1. Applying the selection to region 109-131, what residues are assigned to a strand (DSSP E or B) and more than 24 Å from R45 (Cα to Cα)?
2. Taking the options S112, S103, name whichever one is surrounded by 16 or more Cβ atoms within 10 Å (Cβ to Cβ) and modelled with pLDDT of 95 or more.
3. Which residues, counting only those in region 93-108, are β-branched (V, I, T) and either over 19 Å from T23 (Cβ atoms) or assigned to a loop (DSSP other than H, G, I, E, B) (or both)?
4. Within the set of pairs 6+ apart or on separate chains, which have a first residue in region 47-73 that is farther than 16 Å from Y160 by Cβ and surrounded by 11 or more Cβ atoms within 10 Å (Cβ to Cβ), a second that is among the β-branched types (V, I, T) and modelled with pLDDT of 95 or more, and C-beta atoms under 6 Å apart?
5. With G85, G90 as the choices, which residue is among the small types (G, A, S), at pLDDT 95 or above and either in a loop (DSSP other than H, G, I, E, B) or loosely packed, with under 13 Cβ neighbours inside 10 Å (or both)?
6. Take the residues in region 132-150 that are assigned to a strand (DSSP E or B) and in contact with a Phe, Trp or Tyr (Cβ under 6 Å, 6 or more places away or on another chain); name whichever of them is surrounded by the fewest Cβ atoms within 10 Å (Cβ to Cβ).
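The values are calculated or read from the model by the stated rules, or taken from the named source; none is laboratory data. Please read these numbers as outputs of a predicted model, since none were measured by experiment. Positions of Cβ are generated from backbone atoms using ideal geometry, with glycine treated the same way; all protein chains shown enter the neighbour counts.
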Amino acid sequence: MRLSVVFAALLLFPLCTRAQDHTLPPDPTVSPLPPVTGKGAQIYRCDQQQGAPAWVFVAPEATLYAGAEAVGTHAAGPTWRWKDGSAITGKVLITQPAPDRASIPWLLLAASPAMDSAPTGMLAHVTYVRRSDTHGGMPPAGCDARHLGAVARVPYAAVYTFYKAAERPKTRTSRDAKPHSSP
């Protein structure tokens, strides 16, 4: 009996974990693109913060991979840039601690086209970015008065999922209509 209860709990654990994931987009009309893996560094600077030295986040610097192929980059802004020239910037909507607590948080960000983005491409029409399955990237220990101004590049990896707005059906204009012939 006890073994069957433990087994049932193990089967339900993934469902509970997903139900507690608040970084999924709230809009049911968006569609996820195939996820990519970001590998790089979270950059921090040791600065004076509220009267005490502390690591302050500066920017991410990562390459985005679809399998073994480099398909884009992730940098300050935050900005994601695809190799086709399309690019988006993000604004954090939701932050959720990573399950292992030793990694940077999972995020849901609202996305908008970057100023220099190509009008078409993989990231065109992306409305949300989700960062999940993070590994590493937390600020290091050791920011004190002797290290003010020091920069730390902390390795990290994460899964990025981009969500596109639903395609709107093209509407026909009177120019598109074929002339109607009488019988």
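1. Correct list: A110, A111, S112, P113, V126, T127, Y128, V129, R130.
2. S103
3. Answer for region 93-108, where residues must be β-branched (V, I, T) and either over 19 Å from T23 (Cβ atoms) or assigned to a loop (DSSP other than H, G, I, E, B) (or both): just I104.
4. D47/V56; V58/I43
5. Exactly one residue qualifies, and that residue is G85.
6. G136
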